[in-house]
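To start, the structure under review is shown below, and the notes come after it.
Only the coordinates and a few stated rules stand behind these numbers; no lab work does. All values reported here derive from a predicted model rather than from experimental measurement. Reconstructed Cβ throughout: ideal geometry from the backbone, glycine too, with neighbour counts over all protein chains shown.
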Amino acid sequence: MSADPQAPAPPPVPSAQIDMRKTIILGVIGIAFIVLIFWKVIPQIGSYSDALKALESMTWIAVAVIVVAVILYLAVYGLAFKAAEPKLTYWQSQQVNQAAFAISNGVPAGGAVGLAVQFGMLTSFRLAPTNATAAITAVSIWSTFISLGFPILGVLALTISGTADNIAWVGPLGLVILVVIIVLFVSIMRSPALAQKIGNLGNTLLAPLKRRFTRFKNLDVAGPIVKFRADMYDLLRRRWLLLTLAQIGISFTQFLILFAALRGVEGWGEAGTSALDAFGAYAVSHIMLMVPITPGGLGTMDALMIQLLVGSGTEKGAATAADLVWRATSYFPQIIVGIIALAAWYRRAGQAFATRSVGAKEPEGTH
């Protein structure tokens, strides 16, 4: 993307207030969990040796199908911010989402930095700060809704296939949590008065905490809730459907990678894991995205997915191989694309800033 001489200099990216000691500790804990899961947990439910044999048996056609699925997934991944903010071009939306993924998943405890970079990129694309914040918030909220909703669909799929006995509790629990969140969310969006009442109720429920701990004495949730409603109402009223379709598209195309990998290691012409069982295992494992131990559910989501696949009748080697292919092809290419997107944006932002600086100095020499 070439620099626009008329573009204003991008505002500085807000600095993420990060406690370095806490960041290092969380990073070490996350890495330790990942190592523990892939070293000790997964071998108990899967088989790396059988997985290697399954991978060696894959045909070039199977590999090509996986590549196509990955390209489709990467293409759809760029729609999230475009769905939230129509002023963005598709490439700008790709840059924001992919760069944030690379930072959040490639840097220990990089979520705060990822949010700051998203804000900086969006404002450099001539979005007002309030619009940038609203777009980030909308995409994050809808991603959370999908993470809570998919396990419910997964339990339903496994129930239909008759393999949901051990995880039947996930569906009701996820449904209750999702319903509560949606009811509160819709109530807040319904009217300013109702948002104020919900905020006041929150303050009432937090009253014992305020009395017990001095640091929470002045905590007020009513004000932020009302402000949230005012900032988000117009965007969500206009864009909720597109946000929903974009987030479902991202999760579904990621499932296509898993299913292509699974059928690739099992053999396309052979009887293997059904699409219903595969989707059930994939969707239920989304519940691990809500456990903020490792970035993107790395390790935790994999272990649960393999266990569910094996529980539905998939061979251990095939389940392990499919998960490893799915993780590698839906993780590392995004990191690479994210780095490219971040570098492209940084170069454009630097050129725009330099152009603005030169333009600002010219009047000093004219009298």
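What the table shows:
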| read-out | value |
| --- | --- |
| Mean Cβ count within 10 Å, highest first, over the residues of peptides 294-306, 135-147, 187-199 | 294-306, 135-147, 187-199 |
| Equivalent ellipsoid semi-axes, region 200-267, via Cα gyration tensor eigenvalues times 5, rooted, Å | 44, 21, 7 |
| Residue 248-residue 219 FRET efficiency (beta carbon distance; Förster radius 51 Å; 0.05 resolution) | 0.90 |
